[in-house]
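Participant: Right, I'll just put the structure down here and ask away after.
The values are calculated or read from the model by the stated rules, or taken from the named source; none is laboratory data. Small disclaimer: the values here were computed from a predicted structure and weren't measured. All Cβ positions, even for glycine, are placed from backbone atoms using ideal geometry, and neighbour counts span all protein chains on display. When the accessible area is computed, the model is the full protein with side chains, heavy atoms only, and any ligands, DNA or RNA have been set aside. Shrake-Rupley method; radii C 1.70, N 1.55, O 1.52, S 1.80 Å.
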Amino acid sequence: MAGTIDQAKMKFSKIVNSRSYTRFNQSQNPDEESSRVEVKLSVDGEEEMDGTEQGPVQHDTYTRSSHSRPWNRWRILVWVGGVLVIFCVGLLIGYSIHRKSDLAPCSSTVPPIQEVPLNYSPSLDWSDLVRLLNDKLSSKAIEEKLSEFSQSDRKAGSFVDNKLADNIHDIFTQLNMDPWVDEHFVKLQYPDKSKPNKVLFGSEDIGSPDGFLAYSETGRKEGRVVYANYGQLSDLETVQNETYRLSLNGSVVLMRAGKISMAQKVMNAAKMGAIAALIYPDPADYNTISGETDLYGHVHLGSGDPYTPGFPSFNHTQFPPAKSSGLPGILAQTITANMARAIFAKMGGDNAPDRFKGEFHSYKLGRESDSVTVVVNNNLADTKIHNVFGVIKGYVDPDRYVVIGAQRDSLSLGYAKSTIGTTLLLELARAFTELKKGGFRPKRSIVFASWTAGDFGNIGVTEWIEGYWASLDRKAFTYISLDGVVTGAGSFRASASPLLYTLLQKTLGKVKSPGSNSGLLQSYGGVLSPLLKTMQMDDSAYPFLAMSGIPSVSFSFVSPPASAKEYFGTNLDDKAHLDSVTNQKVVELSVLAAQVAGQMALRLVHDQILRLDVTKYSDDITNRVSAIIQRVDALKSNKVNKTESLSTKWLNAAKSSYSCAAASLITDIGNTDLNDMEMCRIINNRIMKVEHNFLSPYVSLRDVPFRHIFLGNGWQTATDLEKYLGDVHENKTSFDIDQVLNKFALLTWTIQGCANDLAGDIWSLDNEI
């Protein structure tokens, strides 16, 4: 209670804005029969809130001499009464303050109101903040850091990678960002230098490539070689159709890189019974690289350490041996274009379809006698890796944060893929720190993350998500990826959650195009939708979005048709080639990329209500549900057996429930006093849950890690249901009514559950279903 009364004194002295008595000293003068009373006056702020004294401080003092007088009973009673009155007043004030603190909502998470420094400008509006942020993003600093971080041999867990992590930690420390490090112990696979991988056609040695595919099975396999274009399911089905009648069982499948990830190609081949896969860069797709260029990648159709699926690779965790279901279980190896040319020259059989042909002279599908041997001698090694973090803490909701992240490792040179992202991560950290010093007070926190082992399947990102699974989706409300943000010039591409479409569109409209007063969006056509593409599994933002249910965005400046992405996974991903495809505008485009990411993050931590547009999912759900209904109607028109019992009524109702809940939220925001912090937090809670509620609760995380019903991968997705109905319509598979009803029910209730949570209070729910 004493502490409470002291606080009451301080608050009271501030209310009256006057000097307050802090100490009374009445002492008897030994030489005279008089007492000396010393009263020390203190200015507000000269003492700490806890009442402890500071060091030597100059006080205004005065003394008064008086003769002692005898104390009669009346004077004693008056004195005692006065003390009691003062005590009671202090007690009431202290109780009042204590009562207010008890009634304050979310007192455990909302920090005490911070005093505003003298250099804070109350008139600093949004346009001022944007201008200051842009001013603080230095092209010179970016250019210097690009040179510093463009080191070779940045393989995950290597000496150079760890040294770079230490440097980033030191920079975060200098910026007072309270840095910390997460250590993970993961399994990484590299070639055995003493026993190189190799490929043979018959008994002829085709070559021993330096490139490799991590997490391939090891050993030696021989089989008939079959050319299967890009390795998409449609390509594999083509070579097995009635025209060509080629069996892939026991074969070595030759595929060209592109269209889909290497992991998807190898998994598709494995599903068809292949024993090995070879992947090469065709000059038709990679027209700027040489015939001797090696490719690097991985075959894990998933993310994270494939030997700890669904749980983090911390050192103290003890689990039985496990393998991800995303490992294909067959040999896989990349080869150069010249090696592929040599194989095609020896292959016979039918000519490949026109859509299978690239720039080589001959494209044959292969004959029974075309035998290829693949030898893979990769080694699996336990490796310690480090993720490095720094934070700029918010002042209203510090427990809510946007994460800005970048991969720093690379199996190749990785200039466009990871060097630029790491550079911009540190430049944005510096810029936001300076904004904060200048008076900006973010309402929410910004976490800056440097990941490693990205080239092995986003291992650093995924292990962090798995390590903090229980709380991450309730605290992190957006992830912004800086990987590969500059791969060319002249156009722009982005992948994002629909919740971020509006924010991305407005940001691109505000970031100025170089040498013009118009925004980037206007420079690229004025419409966002043509610039959007579906987020792929190899995108570092994908685990945040499809696994953890956190709205995420990745973007890139590109040069159609040529782009530095051709160089990803090769040793041509260097400064010289990126300068070439950007017309020497790497630094200029890097500044623009920093402005796009920075302004999005700034808006997300500045406004009272999160800038996540829940209405955009209404359009997305409507489109997906409409496509499914069309498939069902087509089956009923063809009178497919048992389809008469299949109803789309409740799926349609769930779609409508979400649209109503989204519209209701917009109305609630319009009727809310934005100065009411508690009400704003309640609304933001509803917004933050939307993405996470689209993760299907009906599938196992270990079996189906990307559980998102619209943007994920697996049988639980709306896309999978639509495809299955389409295959039935085209007589590619038989109709299983039980399977379809199950998928309909789970999809419907996932959407309805999201709508219920978005509606807010239990009495606001749409109970039609």
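Participant: Failed condition for D757, given (1) open to solvent by less than 40 Å² (accessible area, probe 1.4 Å); (2) assigned to a helix (DSSP H, G or I), with all others met?
Facilitator: Status for D757: all satisfied but (1).
Participant: Could you please find all residues in the range 689-717 being open to solvent by less than 20 Å² (accessible area, probe 1.4 Å) and outside any loop (DSSP other than H, G, I, E, B)?
Facilitator: The answer is V690, E691, L695, H708.
Okay, residues lined up against (1) surrounded by 23 or more Cβ atoms within 10 Å (Cβ to Cβ); (2) more than 15 Å from G484 (Cα to Cα):
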| position | (1), (2) |
| --- | --- |
| A381 | no, yes |
| N387 | yes, yes |
| P398 | no, yes |
| R408 | yes, no |
| Y415 | yes, no |
| R444 | yes, yes |
| S450 | yes, no |
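Participant: So which residues in the range 233-290 are open to solvent by 50 Å² or more (accessible area, probe 1.4 Å), farther than 22 Å from Q536 by Cα and not in a loop (DSSP other than H, G, I, E, B), if there are any at all?
Facilitator: Within the range 233-290, just E237 meets the criteria.
Participant: Which one of S552, S516, S548 is open to solvent by 20 Å² or more (accessible area, probe 1.4 Å) and either in contact with a Leu (Cβ under 6 Å, 6 or more places away or on another chain) or among the polar types (S, T, N, Q) (or both)?
Facilitator: The conditions single out S516.
Participant: For the range 316-396, which fully contained strands (runs of 3 or more DSSP E) count at least 3 residues that are at pLDDT 95 or above and under 30 Å from T422 (Cβ atoms)?
Facilitator: The strands (runs of 3 or more DSSP E) meeting that bar are 331-334, 379-392.
Participant: Turning to a different aspect of this structure: Taking the options K271, K265, K259, name whichever one is in the same structural domain as T218 (by the TED database), among the basic types (K, R) and farther than 25 Å from S369 by Cα.
Facilitator: K259
Participant: Please go through the range 139-155 and give me each residue that is at pLDDT 90 or above, open to solvent by 30 Å² or more (accessible area, probe 1.4 Å) and outside any loop (DSSP other than H, G, I, E, B), ordered by number.
Facilitator: Selection gives S139, K140, E143, E144, K145.
Participant: Look through T570, T534 and report the one residue that is crowded, with 21+ Cβ neighbours inside 10 Å and β-branched (V, I, T).
Facilitator: T570
Participant: Please tell me if A662 is in contact (Cβ under 8 Å) with a residue 24 or more places away in the chain, assigned by the TED database to the domain that holds I446 and either hydrophobic (A, V, I, L, M, F, W, C) or surrounded by 15 or more Cβ atoms within 10 Å (Cβ to Cβ) (or both).
Facilitator: In short, no.
Participant: Of everything in the range 186-198, what is assigned to a loop (DSSP other than H, G, I, E, B) and in contact (Cβ under 8 Å) with a residue 24 or more places away in the chain? Give them in sequence order.
Facilitator: P191, D192, K195, P196, N197
Participant: Residues in the range 199-232 that are outside any strand (DSSP E or B) and on the phi > 0 side of the Ramachandran plot: how many?
Facilitator: Residues that pass the stated criteria total 4.
Participant: Quick check on my filter: what residues within the range 361-372 are of a type outside the set (K, R), open to solvent by 30 Å² or more (accessible area, probe 1.4 Å) and under 19 Å from P281 (Cα atoms)?
Facilitator: Matches in the range 361-372: H361, S362.
Matching residues to (1) closer than 13 Å to T502 by Cα; (2) out of contact with any Phe, Trp or Tyr (no Cβ under 9 Å at 6 or more places or on another chain); (3) touching a residue at least 24 places away in the same chain (Cβ under 8 Å); (4) not basic (K, R):
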residue: E588; (1), (2), (3), (4): no, yes, yes, yes
residue: Q595; (1), (2), (3), (4): no, yes, yes, yes
residue: L610; (1), (2), (3), (4): yes, no, yes, yes
residue: D613; (1), (2), (3), (4): yes, no, yes, yes
residue: Y617; (1), (2), (3), (4): yes, no, yes, yes
residue: D620; (1), (2), (3), (4): no, no, yes, yes
residue: V625; (1), (2), (3), (4): no, yes, yes, yes
residue: I628; (1), (2), (3), (4): no, no, yes, yes
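Participant: Ok, one more. Select from the range 515-555 the residues that are free of Cβ contacts under 8 Å to residues at least 40 places away in the same chain and in a loop (DSSP other than H, G, I, E, B) and list them in ascending order.
Facilitator: Listed by number, the residues that qualify are G515, S516, N517, S518, Y524, G525, G526, V527, L528.
Participant: Going residue by residue through the range 345-360, is there one that turns out to be open to solvent by 40 Å² or more (accessible area, probe 1.4 Å) and within 28 Å of K163 (Cβ to Cβ)?
Facilitator: The answer is no; no qualifying residue exists.
Participant: Across the range 665-688, what is the number of residues that are under 30 Å from A627 (Cα atoms) and buried (at least 16 other Cβ atoms within 10 Å of the Cβ)?
Facilitator: So the answer is 4.
Participant: Return the residues of the range 489-511 that are modelled with pLDDT under 95 and open to solvent by 50 Å² or more (accessible area, probe 1.4 Å); say none if nothing qualifies.
Facilitator: If the condition is that a residue be modelled with pLDDT under 95 and open to solvent by 50 Å² or more (accessible area, probe 1.4 Å), then G490 is the only one that fits.
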